[in-house]
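The values are calculated or read from the model by the stated rules, or taken from the named source; none is laboratory data. All figures in this text were calculated on a predicted structure; none of them were measured in a lab. Quick reminder, even Gly has a Cβ in these numbers, built from the backbone with ideal geometry, and neighbours come from all protein chains shown.
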Amino acid sequence: MSLQKSDKVYSPHDQLPAPEPTGQHYPVGYFYENTARHLIKDAVRIMDNGLAINIDKVVELEQVLEDQIDEIDKELEANPLIQEFIAEKRKYLVEEYIKKCKSSFRDPSHYLTEFKPKDMTHRSYFMHVYAKAQGWGNPSDTYPSGVSKWPAKLVKKYAKTNRLLQMLLDGTIPQETPAVVEAMKLLALHKADTYNEKYVEKVKNPQVPKPKLNPGSAQQKQQLFDYLGIESETMSKKTGLPSWDRDEIERVNRITKDENVKKLTQSFIDYSFAAIVRNNFIAAFYTFTVEDRLYGQYKLLGAKTGRFTSSSPNMLNMPSTRSRFAKPVKRCFVAPEGKIILAADYSALEDRVIACLSRDVNKCNIFLKGLDGHSLNALGYFNDEIAEIMDITGDMTVDATMFKSIVDDKNPIADAIRQKGKPVTFGLSYGAYPPKIAKELGISVGEAQEIFDNYHNVLYPGITEYREDYVLATALEEGEIHLGLGFIIKSDDPESHIRTLANATCQFWSILTALTINKMHILIDEAGYEDDVKVISTIYDSIYFEVTENPVIIKWVNDNLIDVMSTDFMEDQIIQNEAESDIGYNWADMLTIPNKASVEQIAETLEKLAA
């Protein structure tokens, strides 16, 4: 079944607004026929356009990278938690070093050998023992051990009247002679002491250097977080051990209330991006740049949720805006002479989608009534605490608005309560259970259970019902979920996959960027702007264009692009899509232009950018 029209160039975007995904069933091949196959040429066109890149800026980036890595190392070394961990690790290494040294000690028995009367050392040790027993004096010439040297000539003087010494000289003295046994034990002891001397000194003064933390070592990160008592919520598929990849460290960074933990996790995040920049970005910038343009591969529908993936190089792997590497990397991407960069992104797309799909009242009111989500959530978690600083009416909209106004008035108690709720929300939105919440907040599991229940049943009951009554129930019954436009995701174990399935129903609608690109390509071609307007990249919910530096053309792009992006994705959509454009001469230094900005406003913005 195809929806293509004969009277105009068809775009998959023309399917919007689409029927609500729930309960819809499409024939096999519908999504490919009406959507996927039409997007192939757009992916190829983006890859063919490439990104303008300034190699001189890449060289500067390398130096910035080295400076930043040095700074990260210093930050980690100065962090009290790292210092404690390193001190504890050195203590362990010293203990292991001492154990190793002691294991190298040799016992005197190692040196016990048969007595050799003709050997001067053996004879001297015998005479040392025997002379002492007889009350004789010892020669002044000694071995380093302090035992006197007894040459045969000197022994002969005493042997004239001593049968045992005569036997010593002629080599017939019995091995079991007490003085022989004692002499050989003393010699063995001295030999062992001599050998062990270097190890004794090492044990007394262990020269173990202070270990250095390698932020790129998965094993060391595992040891550090174990030491700090911080647990990972994910397991490594490769090792089967707790995973401390960047996503997991970012989770801890978002939810922790410990400032030192926040700082060290941020350093790890920055180091991770440094490694990406060094190993992926910089290498790729040199390898895949041809005539000052960077070319990569996009894989249409590469992710199970329908999103693009990218490789050689990964064009989606930009540092987050919070990363210290974001701007240095983005400054490598510059507009060619006579061009500007225009970027537009959907505002809070996933939140808007889940609000529309679930019709949850509070989630919708965040957009419809401008509620502050963190204030609303705090009201659901810490109602009793908030009741101590304001009157609770029972109307979530009224109470959340009032609480936010108190926060805005710089009330420290209100602000602390609001901040306290942020990591809870993050954890709950990613499937955290009461024990985890209890640990994060330092409260009982019973109290955490109440917060958990309030989140799912009081704050966002509509989302809970959507997940349980539609997503899970449908997947259990049909083995698949329809995400939209005929695209389905299958599951053979819905109860285990519920988080992925529920997230996919929202993340699928990132396909709106692909639909928008397709529609814009059609409009660009119809307007004859192929040389003036090029789609050069898409990163999740954002689209990047290279546009001729002409306010009239920029206005054309801005007007058409925002109109296309603002199209409802679903029939009877409650929350409208929103988007806005930024323009600049590189990706890092951009200014926002209003929707429907005039030619004059755009010209003024260009002047500011050029100043």
remark   = In the stretch 15-66, anything in contact with a Leu (Cβ under 9 Å, 6 or more places away or on another chain) and among the charged types (D, E, K, R) is listed as E20, E33, D42
request  = For T321, state whether it is without any contact (Cβ under 8 Å) to a residue 60 or more places away in the chain, closer than 30 Å to T592 by Cα and of a type in the set (S, T, Y).
outcome  = yes
message = Show the residue pairs meeting these rules: Cβ distance below 9 Å; 6+ apart or different chains; first residue within the stretch 252-271 and under 20 Å from G421 (Cα atoms) and among the hydrophobic types (A, V, I, L, M, F, W, C); second residue in a helix (DSSP H, G or I) and modelled with pLDDT of 90 or more.
response = V252/F225; V252/V261; V252/K262; V252/T265; V261/L81; V261/L228
key: Answer residue from the stretch 494-542, given it is charged (D, E, K, R) and surrounded by fewer than 16 Cβ atoms within 10 Å (Cβ to Cβ) and is nearest to K8 (Cα to Cα) among those   = E526
remark   = For G394, the lone unmet condition from (1) under 31 Å from the mean Cα position of the chain (by Cα); (2) within 26 Å of K369 (Cβ to Cβ); (3) exposed (fewer than 15 other Cβ atoms within 10 Å of the Cβ) is (1)
task = Could you please find all residues in the stretch 376-402 being part of a helix (DSSP H, G or I) and under 19 Å from F426 (Cα atoms)?
result = L376, N377, A378, L379, G380, Y381, N383, A400
key: Flag for Y26 being of a type in the set (F, W, Y), part of a loop (DSSP other than H, G, I, E, B) and more than 27 Å from the chain's Cα centre (by Cα)   = yes
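Could you tell me whether any residue of the stretch 148-155 is hydroxyl-bearing (S, T, Y) and either under 18 Å from M184 (Cβ atoms) or modelled with pLDDT under 90 (or both)?
yes
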Qualifying position, being part of a loop (DSSP other than H, G, I, E, B) and either under 30 Å from D531 (Cβ atoms) or within 32 Å of the chain's Cα centre (by Cα) (or both), among K8, K41, K74, K57 = K8
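Can you pull out every residue in the stretch 105-119 that is of a type in the set (D, E) and free of Cβ contacts under 8 Å to residues at least 24 places away in the same chain?
D119
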query = Out of V564, V557, V547, which single residue is in contact with a helix residue (DSSP H, G or I) (Cβ under 7 Å, 6 or more places away or on another chain), crowded, with 17+ Cβ neighbours inside 10 Å, assigned to a helix (DSSP H, G or I) and touching a residue at least 12 places away in the same chain (Cβ under 8 Å)?
reply = V564
query = Would a scan of the stretch 457-471 turn up a residue that is of a type in the set (V, I, T), on the phi < 0 side of the Ramachandran plot, in contact with a His (Cβ under 9 Å, 6 or more places away or on another chain) and in a helix (DSSP H, G or I)?
reply = yes
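Against the condition farther than 25 Å from A303 by Cβ, assigned to a loop (DSSP other than H, G, I, E, B) and not hydroxyl-bearing (S, T, Y), how does I443 come out, does it pass? I'd like the intermediate steps shown before the answer.
On the way: farther than 25 Å from A303 by Cβ: yes; assigned to a loop (DSSP other than H, G, I, E, B): yes; not hydroxyl-bearing (S, T, Y): yes.
Judged against the criteria, I443 is a match.
Is it the case that some residue within the stretch 466-476 is among the aliphatic types (A, V, I, L, M), within 17 Å of S375 (Cα to Cα), surrounded by 15 or more Cβ atoms within 10 Å (Cβ to Cβ) and free of Cβ contacts under 8 Å to residues at least 60 places away in the same chain?
no
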ask   = Quick check: is even one residue across the stretch 229-242 more than 21 Å from G431 (Cα to Cα) and either modelled with pLDDT of 90 or more or in the same structural domain as K439 (by TED's automatic domain parsing) (or both)?
value = no
